[in-house]
Amino acid sequence: MNMTPEERDRLSKAEQAIADMREDISAIRKDTTQLTKALNMSRGGFWVALRFGGVLVLFAGALAWLWEALR
């Protein structure tokens with residue numbers, strides 16, 4: 001298959017553009033991985049805070065009941 005010089009030039013530009021995109025895609029993958037890790041950490045932190053809040057509410061309720069029972 002014979003290619004004209006213009007076709008060769010366009011092909012070489014396309015190949016270079018693809019090579020440049022590989023680096024960008026790699027950076028995007030790295031950023032996405034970091035964002036996923038941060039999301040998972042915040043999700044775990046949310047559940048810990050929710051449980052801790054529940055324990056605090058239970059403790060406050062017990063103190064209020066005790067206060068009323070002893071008065």
**Request:** Report the dimensions of the chain along its three principal axes from the alpha-carbon atoms, largest first, rounded to Å.
**Result:** 99, 15, 11
**FRET efficiency estimate (nearest 0.05) - Cβ-Cβ, ALA38 to ARG10, R0 35 angstrom** = 0.25
**Complete:** The summed charge of the ALA17 Cβ neighbourhood (under 12 Å; Lys/Arg +1, Asp/Glu -1) stands at -1
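We did not get these values from a lab; they are worked out from the coordinates using the rules stated. If you're wondering where the values come from, they're calculated on a predicted model, not measured in any experiment. Backbone-built Cβ (ideal geometry, glycine too); neighbour counts: all protein chains shown.
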